[in-house]
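Inspection log for the structure reproduced underneath, given as structure tokens.
The values are calculated or read from the model by the stated rules, or taken from the named source; none is laboratory data. Here the structure is a predicted model, which means the values were calculated and not measured. When we count neighbours, we look across all protein chains shown, and the Cβ atoms used for this are built from the backbone with ideal geometry, even at glycine.
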Amino acid sequence: MAHGSPAATDIEALIEACHPDVQAVVAYWRRKAADRSMPSRGDIEPAELTAHLARITLVDVVPDARRFVYRLVGTADVAVRGSDPTGKSVGEAFFGPSAEAAFEHYQYVLDHRGPYCYRGEFEAPDGAIENEDVVFLPLSEDGETINMILVFYHDYSDTPRVEPSSVLLGRNARKDEDRT
């Protein structure tokens, strides 16, 4: 990371200071990991996270220049972003002050094989000031290689750029188009 990597103890202190929803998702991730360093995607049961699904994003770790690709983006996250980045790389569709800052967060997870936490304000791509607690949690199918990162956030600013209901309508329209 550009300014030096925070120690795992610093990350834990940040997580402990986060909104209770962020702490709940981290505790869930740890329970699912059990005695392993991280759980697999298959260990994560959406029905057990119902209250948090709208703010969960899954990002694939890919072995090409894209590096990180949005697989699934919760409806609240899409509403805050103002668009759905599903299928795009983090470099194309990051939500933060810069692509480099976004890459640093994801890369920390890969380099340290553990959670990363960001707390604070940042300028969104549209210039609005956002205030969020965000946690990045590694997932691994084989227990070694991180192949996905679960991202969860609490937005203190809560400034959706589109209505969450329109996100669902747009997704349903795309599903209808796929059926034809």
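Close Cβ contacts (under 8 Å, 6 or more residues apart or on different chains) running from residues in the stretch 47-69 that are among the hydroxyl-bearing types (Ser, Thr, Tyr) to residues that are not in a strand (DSSP E or B) comprise Thr57/Gly74; Thr57/Asp77. In the stretch 27-58, of all residues being out of contact with any helix residue (DSSP H, G or I) (no Cβ under 7 Å at 6 or more places or on another chain) and not in a helix (DSSP H, G or I), the one that is surrounded by the most Cβ atoms within 10 Å (Cβ to Cβ) corresponds to Met38. Taking the conditions (1) under 20 Å from Ala33 (Cα atoms); (2) surrounded by fewer than 16 Cβ atoms within 10 Å (Cβ to Cβ) in turn, Tyr116 satisfies each one other than (2). The selection criterion, being modelled with pLDDT of 95 or more and under 11 Å from Phe68 (Cα atoms), holds for Gly87. Here Val135 passes the criteria (1) more than 11 Å from the chain's Cα centre (by Cα); (2) modelled with pLDDT of 90 or more; (3) of a type outside the set (Asp, Glu); (4) not in a loop (DSSP other than H, G, I, E, B) except the one numbered (1). Farther than 18 Å from Glu132 by Cα and either under 16 Å from the mean Cα position of the chain (by Cα) or among the small types (Gly, Ala, Ser) (or both), is that true of Leu72? So Leu72 passes the test.
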